[in-house]
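Read through the structure below, which is laid out as structure tokens, and then see the notes.
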Amino acid sequence: MDKELAREVILENFQHPVNKSEVMGSDYQKVNTRNPNCIDNIDLYIKFNNDKIEDIHFLGEACAISTASTSVMIKNLIGKTIKEAKEYINNFYAMCDEEEYDDTLLKEGLAFQDIYKQSNRKHCATLPYKGILKALEEYENK
Amino acid sequence: MHRDDFPMLRQDIIYLDNGATSLKPQCVIDKMTDYYENYSANAHRGDYDISYKVDLEYENTRDLVKDFIGAKRKEEIVFTSGTTDSLNLIVNGFFSGLLEAGDEIILTKTEHASNVMPWFRVAGETGAIIKYIPLDDNNFVTLDNLKKVVTPKTKVISLAEITNVVGDIRPIKEITKFAHERDIFVVVDGAQSVPHIKTNVSDTDVDFLAFSAHKMCGPTGVGVLYAKYELMQNIEPMNLGGGMNESFDAPDKMVLKEVPTRFEAGTPNISGVIGLGEAIKYLNKVGMDKISAYEKNLRSYLIEKLVSIPHIDILNIEADSGIVAFNVDGLFSEDVAYYLNKYGICVRAGSHCAKLTKDVLGVANSIRVSLYFYNTESEIDSLVELLKDKDKIMKEMF
Ligand SMILES: Cc1ncc(COP(=O)(O)O)c(C=O)c1O
């Protein structure tokens, strides 16, 4: 993704993130995700339907990169099966870790393709993914 | 003032995080190096010249601290590892044995974690109750508001003389007078006040005072607990071991040394204590009154400039200390700090270890500028210039 476009995607998703609201209800699973070295603090609310991710919302205080990354992740994961979701997540991590990845899967996630160059911001981009992986594990172990 | 004394200031940075820790002047660094290079023996042990010199220097710091805070005797000064350590010692070594179920501990919601969490635990263990002084419109503590929460059950009031986010200077002397008329103990967290304003415990009459060397031009890993001499006998040492005992023959036959030595078990932070002594000499030379007057002016200068920027929301306009907390409209504090860092400006973002403060400020996180006497108006100009342009911040914050 072009650098300018990447900036715009991040800024747009930071200023107008999707699904930024708390959801109550027993059909939503809540996980908290944060990093030890910064103050980002995000709650994810995930609704599974059998093997599908039906809905995700989030709430919290976090930096531009974390917030934008959460918004993008939510757009990309809603409607995916757990298997597809994991494939997407693995590719996102691979991109952040400078490994080989399938760029056709990531859509707006590609806005974070240069994040590996700022090693101190990588954990911001991956923060929501840490949370969703925790939620998936909890769901599958239920 | 005195910028040439600080080796760190030769770097191209603007250091505005003095609330977290201060920079160290060359004389303090040299004094500690001198110990390691020329007389690095243990304290209170050896019968040879260089060890004797260690004792002299170590105890000399105790005298310097005593005079610096206006204590009556040097025995009232205990060396700890920092404010946190001092507060934990006083809560666990003194108040845990004294508090009973239903007794009240009074704090404020703007205290640092180190002056909250030890009290939370002791409350849990003893059944004592935590109460908070309601804060006024500026989030300051007033004597009138303290009166609203004190009851016959109140045993202790523990508060910072200057808090690390709101930065208000509390009326400690009035509070202590009111408290003592009711046999209530007063514990003061001096981490942000002792480095910046003149402290006199004989004048304020507080019972306990905790502070850290590293925020006052001294080294990390050293702090002080001041306790009134007559209360010291009742503090239970938390650490037992070498250096603090007279003899030990059986579990029921342990004889401890006199205060304050009995609170300093094990080999202490000798170079740190000696460094603290030098830091105090240095601050005395600069002059504590000069330091606070200078910081007050510098703060006004900063506030005046910040209020004229429409997208800046200052959280503590009225406070008197060198602490200014603010947010940039719609932006996350850490992003702004990250942006400023690109220009070599060091500020802190976050909750500043005062997580109850969000209840009173309405925001959990902020950017904090904390000044010291070596900061300048021109540094503030650079900061303000960078904050003026919100588009630039948005463009460069990630
Ligand atoms: C008000 C206040 N109390 C306590 C502390 C803790 O000091 P230390 O980390 O040196 O133990 C700090 C330092 O951040 C502080 O600002």
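Every read-out reported here was derived from the displayed coordinates using simple, explicitly stated rules and does not represent laboratory data. Quantities reported herein were computed from a predicted structural model and do not represent experimental measurements. Backbone-built Cβ (ideal geometry, glycine too); neighbour counts: all protein chains shown.
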For B:Ser158, the net charge from surrounding residues (Cβ-Cβ under 9 Å; K, R +1; D, E -1) works out to -2
Sparse-neighbourhood loop hits (chymotrypsin sites (Phe, Trp or Tyr not before Pro), segment B:13-69; DSSP loop; Cβ within 10 Å at most 12 others) -> B:Tyr48
Rh (Kirkwood, all Cα-Cα pairs) for segment B:287-397, Å, reads 14.4
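Give me Rg over Rh for segment B:41-137, both radii from the alpha carbons and Rh done the Kirkwood way, two decimal places.
Using only Cα positions, Rg/Rh for segment B:41-137 is 1.14.
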Flagged as over-length at 31 Å C-alpha distance, from B:Lys147/B:Lys281; B:Lys155/B:Lys198; B:Lys296/B:Lys355, the pairs are B:Lys147/B:Lys281
Mean separation of Cα contacts under 8 Å (at least 6 apart) over the residue count of chain A, i.e. the relative contact order in percent, is 27
Across B:333-346, the residue-averaged tally of Cβ atoms belonging to other chains within 10 Å stands at 2
As straight-line cross-link partners of A:Lys107, the qualifying lysines (C-alpha separation under 17 Å, not fewer than 8 residues apart within one chain) are A:Lys3, A:Lys75, A:Lys80, A:Lys86
Those GluC sites (Glu not before Pro) from segment B:80-123 that are DSSP loop and have at most 14 other Cβ neighbours within 10 Å turn out to be B:Glu100
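Exceeding 26 Å between C-alpha atoms, which entries from my cross-link table qualify? They are A:Lys122/B:Lys109; A:Lys130/B:Lys131; A:Lys52/A:Lys130; A:Lys83/A:Lys130; A:Lys20/B:Lys390; B:Lys72/B:Lys257.
Result: A:Lys122/B:Lys109; A:Lys130/B:Lys131 exceed 26 Å.
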Quick calc of log₁₀ I(q)/I(0), the protein assembly as shown, Debye, one scatterer on every Cα, no solvent, q values 0.11 1/Å, result -1.06
With Cα coordinates, the longest principal axis of chain A makes an angle with the long axis of helix A:119-140, in degrees rounded to 10, of 20
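Mean 1/r over all different Cα pairs, inverted: what Kirkwood radius does chain B give, in Å? Let's see the in-between values first.
Values: mean 1/r = 0.0452 Å⁻¹.
Hydrodynamic radius (Kirkwood, Cα pairs) of chain B is 22.1 Å.
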Here, segment A:1-112 modelled as identical Cα point scatterers in vacuum has Debye log10 I(q)/I(0) at q = 0.15, 0.22 Å⁻¹ of -0.67, -1.36
Summed over the other residues with a beta carbon less than 13 angstrom from that of A:Lys30, with K and R at +1 and D and E at -1, the charge totals -3
Mean-square fluctuation maximum in Gaussian network of chain B, Cα pairs under 10 Å, restricted to B:Glu385, B:Glu76, B:Glu181, hits B:Glu181
In segment A:1-76, the GluC sites (Glu not before Pro) that sit in a DSSP loop and have at most 16 other Cβ atoms within 10 Å of their own Cβ are A:Glu22
The answer for the net charge of residues other than A:Glu98 whose Cβ lies under 12 angstrom from its Cβ, with Lys and Arg +1 and Asp and Glu -1, is -2
Kirkwood radius from Cα pairs of segment B:284-352 plugged into Stokes-Einstein at 25 °C, 0.890 mPa s, gives D in µm²/s equal to 182
For peptide B:350-356, the mean count of other chain Cβ atoms within 10 Å per residue Cβ is 1
